[in-house]
Every structure is written in C-alpha cells, then in structure tokens.
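The structure appears below as structure tokens.
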Amino acid sequence: MSHYSQALEGFVQSGNRQEEGNVLNNMGVLHSESGRDPEQAAIWFKRSRDIREALNDTTAVLASHKNLANLWLSGARFEPAREAVSAYVVAARLNGSAADQIDALLLQGDVALGLGEANAASWFEQAHELAVRAGDALMAASAQQRLGRLELRAGRPAEARARFQQALTLFEQSPDSHQRAIVLYNLANAEEALGDATTALAHYQNAETEAPDRHSSLAVDAALGRVRMLWRLDRFPEGESLLAQVNQRILMQDESLMTAAVNIHRSSLALMKNRPMAARALIQDARKLLGQSGDWDLLATLQEQEIWVHLALAEHDAAHSALERLEDQAKARTDQRVLDRLHQLGLLLQVARGSTADAYRNSFFGGSREGSRK
C-alpha cells in the first residue's frame, strides 16, 4: 500500500489525473481484498470514479461502479450495494458490452436476493436469457447457479441440484477454477439439503481443494461444510479435529464473517458436549462479529443456534420468542428451508414444555406451524 501512496502523491503533484484515478482504484481493490474497513475502500473507489467521470472515461467509470457494487455485496451490505449496482446497471446499458450488461443484471438480482425481495429470480432469468443470446456460456452458468440458490431457498433441493449440475457443465468449458469451486460448494449445499451426507462431503472437499486461496471465505465455508457432514456421518472426532484446524486457520485473519461462521459451529460442538453456557458465549461472540452484515444465511443459522441454546438451558419462553422472530423473517424472505427447520424446532419446544400431544399433532402439518403458537 505504501508504494501506491507514494505513486498517488507523485501523480497528484504532476497533475496526471488519469493515473491518479487509476492508483486510487487500485488502492480500493487492494484494500477490499483484505476484507478490512470497506468504508475506506469505498472512499478510494468513489474518488477514482469522480476523477474518471470528470475525464469522461466511460470504460473506467463502468469499472468503478462495478468495483463499488462488488465491495458492498462481498460484505453483505445490501443497502449501499443497491445504489452502487443501480449506477452500474445504467452505465452498463449506456456504455458496456453484453457481458457488462449481464453482469449488472446478476448483481441486481444479488441485491434483491440479499434484501429478501421477490423479484430476484426475474433479474437472474433476464441475465440468463441475455447470456444465451450472446453465446456467453460462463455468464449463463452464473445465472443458472443463482437460480439454483433460489430453488434451495424455496425448499426444492432436487431442482437446485439440477441447476447446479447444468452450471458445472458450462463452467467446465472454462479454465476459471474459482467458478468451478463455487458451483461445487453449491452442489454440496443441495446434497446436504437432500440428506446425502457422503456425496455432500465429497463436493465440499473438492470445493475446498479447488478454491484459489485456502484462506478465502469459500475455502473456509467448504471446510465447515465438511465438519457438518462428518458429524452427520457419526464421525465426530474427525469433525472436531477439522473444526479446530479451521479455527486456527482464521486466527490471523481480520475477517469477521468467517470468524462468526466458525464460532457458530464451535457453539454447535459445545452443545453436543453438553456445555450450553460455552455454546451461548460463542454464539454471542458470533452475533457481535456479524455487526451490520445482511448475510441472511449466516444470520438465520445464528438465530437457529440461539434457539437451540435456549432449549438446552430450558429457557422455553426465550426460545419461543426467538423462534417466532426468525419465522417472521423467513416468511418475509419466503425461505422454506428455514421454515422447515423451524417447524422441527417448534415441535421440540412443545415436547420440552410438556405438550407432547400438541407436538405429535403438529408433526402432521409438514413445514407449517400455523396454530402452534402459544
């Protein structure tokens, strides 16, 4: 970074506005890749964008809008991302290539999905249609993959798996192994939802192996997926050992979302060992780490774990309130996966309260808990 700072000072003094904008953009990229202080990266991106706009460098302006959009999306900061993506969509439509326009539509869908809006699928479908017309297999695969994530959220893992497999076929035409690693991770998610722990474990392993950086969020998430599948396969010592390795791997990284995800899994392990107070401490740390993040999947997982902790401590009223809050959030996002899991938690809560007959009766209503509130 010091090299860029020196270069920036030189370009400012010499009045070279174009290179000043380029250096500011590079500083933003470098800082955003570190995962620290996105506000500072945004300041540099915006300064670079303003210079490029003054110079009427439309190609560079387009890149600035894209960088800002990806910065906020990578941290699940969906409100500022909405503004950045909207600007990117307009710039792509006016001055971008077909690939830029497809990418902008995909990011528009990402924002809608992150905010729980119902129109995310329409953006992804538009992007897929445009990619097919343009003959862009990789962009078509990106759209398919996002549509697969929507199928997962709707509680249709078999349909999601089909989407991911189509995306994988398209991605295999490219040397970009990072994209292949992402789709392998999503395939693992689908197999996990379908209850096939053995196949999911293999996909998580491959995703972690093919991730370009073992310290990336993708590699860490894949490793945590392996932990869950090892536990599901009754291989608890292996899962515990792997979780300890992942925890060590992230200790030197200042990445709050990854640390939160690891702490949620450590909280699960503490509950398995009948240590509910330790589980609570870890889940409280995870909540602090999430801060302003809008990462719905992580927030939902955290809240489910909080409900489990309340149950373990026989805090039935607190568990009930937490369950209702999360259920309302999941309904607003039409996330059937979470609603199905909450149905099971609701039945456990009724049994814990001594309402076994109610739990048995409600077990016949599938993912719906209507009428079960007390």
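Computed from the coordinates by the stated procedures, all read-outs in this text should not be read as laboratory data. On a predicted model such as this, the values are computed, not experimentally measured, just so you know. Positions of Cβ are backbone-derived with ideal geometry, glycine not excepted, and every protein chain shown enters the neighbour counts.
Overview of values
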quantity	calculated
Chain lengthening between residue 54 and residue 5 when straightened (0.36 nm per residue, less Cα-Cα)	15.5 nm
Relative contact order [Cα under 8 Å, 6+ residues apart], the chain, whole percent	9 percent
Value of D in µm² per second that Stokes-Einstein yields for the stretch 111-245, Kirkwood Rh from Cα pairs, at 10 °C (1.306 mPa s)	103 µm²/s
Computed [θ] at 222 nm, helices only, for the chain once each DSSP H run of length n ≥ 4 contributes -39500 (n - 2.57)	-26500 deg cm²/dmol
Least to most buried among 77, 146 (fewest other Cβ within 10 Å first)	77, 146
Between 0 and 90°, nearest 10: helix 256-272 axis offset from the chain longest Cα axis	10 degrees
Among (1) 0.97; (2) 1.01; (3) 0.95, the entry that matches Rg/Rh (Cα atoms, Kirkwood Rh) as calculated here	(2)
Anisotropy class of the stretch 170-284 from Cα gyration tensor, a/c 1.5 cut	oblate
Length gained when the stretch residue 278-residue 18 is fully extended (0.36 nm per residue, less Cα-Cα span)	88.2 nm
Residues listed by number, the stretch 184-217, amide nitrogen under 20 Å from residue 158 label point at 7 Å toward C-beta	187-200
Helix 276-290 vs. the chain, principal-axis angle (Cα, 0 to 90°, nearest 10)	20 degrees
In sequence order, calculated HN-Hα J values of the stretch 106-114 (Karplus, 6.51, -1.76, 1.60; Hz; x Gly/Pro)	4, 5, 4, x, 4, 5, 4, 5, x
Three-way shape label, the stretch 32-161, alpha-carbon gyration tensor, a/c 1.5	oblate
By average C-beta atoms within 10 angstrom, highest first, the peptides 312-320, 187-195, 337-345, 105-113	105-113, 187-195, 337-345, 312-320
